[in-house]
Amino acid sequence: MQIEQRSVGPFDNNAFLLSDGDDLVLVDAAQDAPALLAWIDGRPLSAIVTTHRHPDHIAALPEVARATGARLLTSRPDAEAIAAATGLELEGLWDGDVVRVGDTELEVIGLVGHTPGGIALAHRPSDGPASLIVGDCLFPGGVGKTHTPEQFASLLGDVTTKLFDRFDDDTIVLPGHGLPTTLGAERPHLDEWRVRGW
């Protein structure tokens with residue numbers, strides 16, 4: 001499976017186009033539908049996965065969904081809010097589910113705190129490091145934005161137990177904005193993040 005990344009819109013949102021053979025899946029139809037549709041370039045798109053409910057990650061979803069007819073997938077906890085904002089029906093995913101791209105299976109990992117239910121997608125190739133498409137749950141330098149101590153504790157706990165405790169240091173982290181990082185680069189700072197509270 002191949003992972004392509006493009007930055008779209010005024011908030012530097014990352015969109016990801018996953019391909020395996022002739023199968024394509026888009027992760028986060030975030031902004032700038034014309035740019036995303038030009039990138040897809042008329043190829044059949046089997047699914048659009050939305051990592052979480054925030055407006056900057058769903059702005060282009062209605063237009064791209066209408067143009068492609070793709071299945072629409074997101075987290076179960078965020079699905080209703082996205083449906084209300086877009087008028088679309090989405091299928092809910094959570095821990096233990098998989099997203100298929102051709103012959104490749106991506107593990108769905110639920111992460112609570114940035115929103116009630118963000119999801120990450122984990123790709124474990126046989127010939128290289130794993131990749132995690134994490135939405136806004138993990139960035140170089142910390143976890144995603146939270147608004148209460150309880151939300152922060154939840155997100156840091158989920159990121160620690162579901163990502164850092166399960167994946168190797170060479171795992172590539174592909175966030176919803178900005179540059180990628182690795183779990184190894186961020187792991188030494190977990191205690192620092194816990195102390196500072198963000």
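Determine, yes or no, whether Val49 is within 15 Å of Ile119 (Cα to Cα) and either surrounded by fewer than 15 Cβ atoms within 10 Å (Cβ to Cβ) or at pLDDT below 95 (or both). Spell out how you get there, then give the answer.
Numbers: within 15 Å of Ile119 (Cα to Cα): yes; either surrounded by fewer than 15 Cβ atoms within 10 Å (Cβ to Cβ) or at pLDDT below 95 (or both): no.
It is false that Val49 is within 15 Å of Ile119 (Cα to Cα) and either surrounded by fewer than 15 Cβ atoms within 10 Å (Cβ to Cβ) or at pLDDT below 95 (or both).
Looking at (1) surrounded by fewer than 16 Cβ atoms within 10 Å (Cβ to Cβ); (2) among the aliphatic types (A, V, I, L, M); (3) under 23 Å from Phe152 (Cα atoms), which is the only condition Ala120 fails?
(1)
Output the qualifying pairs, or none if there are none: Cβ atoms under 8 angstrom, residues six or more apart or on different chains, first residue in the range 62-76 and without any contact (Cβ under 8 Å) to a residue 40 or more places away in the chain, second residue small (Gly, Ala, Ser) and part of a helix (DSSP H, G or I).
Filtered contacts from the range 62-76: Glu63/Ala33; Val64/Ala33; Ala67/Ala33; Leu72/Ala65.
Could you tell me whether any residue of the range 174-185 is more than 18 Å from the chain's Cα centre (by Cα) and without any contact (Cβ under 8 Å) to a residue 60 or more places away in the chain?
yes
Considering every residue within the range 32-48, establish whether at least one is under 16 Å from the mean Cα position of the chain (by Cα), over 23 Å from Ile172 (Cβ atoms) and in contact (Cβ under 8 Å) with a residue 40 or more places away in the chain.
For the range 32-48, residues under 16 Å from the mean Cα position of the chain (by Cα), over 23 Å from Ile172 (Cβ atoms) and in contact (Cβ under 8 Å) with a residue 40 or more places away in the chain: absent.
How about the range 186-197: which of its residues are touching a residue at least 40 places away in the same chain (Cβ under 8 Å) and either in a strand (DSSP E or B) or surrounded by 14 or more Cβ atoms within 10 Å (Cβ to Cβ) (or both)?
Taking the range 186-197 and keeping what is touching a residue at least 40 places away in the same chain (Cβ under 8 Å), we get 186, 189, 193, 197.
Correct list: Glu186, Trp193.
Run Leu106 past the list (1) under 22 Å from Asp56 (Cβ atoms); (2) buried (at least 21 other Cβ atoms within 10 Å of the Cβ); (3) of a type in the set (A, V, I, L, M) and report the number of the one that doesn't hold.
For Leu106, the failing item is (1).
Looking at the range 66-81, is at least one residue more than 16 Å from Leu24 (Cα to Cα), surrounded by fewer than 20 Cβ atoms within 10 Å (Cβ to Cβ), at pLDDT 95 or above and under 16 Å from the mean Cα position of the chain (by Cα)?
yes
Anything in the range 1-17 that is surrounded by 14 or more Cβ atoms within 10 Å (Cβ to Cβ), over 12 Å from the mean Cα position of the chain (by Cα) and assigned to a strand (DSSP E or B)? List them, or say none. Spell out how you get there, then give the answer.
Kept after step one, since they are surrounded by 14 or more Cβ atoms within 10 Å (Cβ to Cβ), are these residues of the range 1-17: 1, 3, 6-9, 11-17.
When the remaining residues are screened for being over 12 Å from the mean Cα position of the chain (by Cα), the result is 1, 3, 6-9, 11-12.
Within the range 1-17, Ile3, Arg6, Ser7, Val8 qualify.
Test each condition in (1) farther than 19 Å from Ala15 by Cβ; (2) surrounded by fewer than 22 Cβ atoms within 10 Å (Cβ to Cβ) for Gly178 and report the one that comes out false.
For Gly178, the failing item is (1).
The values are calculated or read from the model by the stated rules, or taken from the named source; none is laboratory data. Remember, predicted model here, so these are calculated numbers, not experimental data. Cβ: placed from backbone, ideal geometry, glycine included. Neighbour counts: every protein chain shown.
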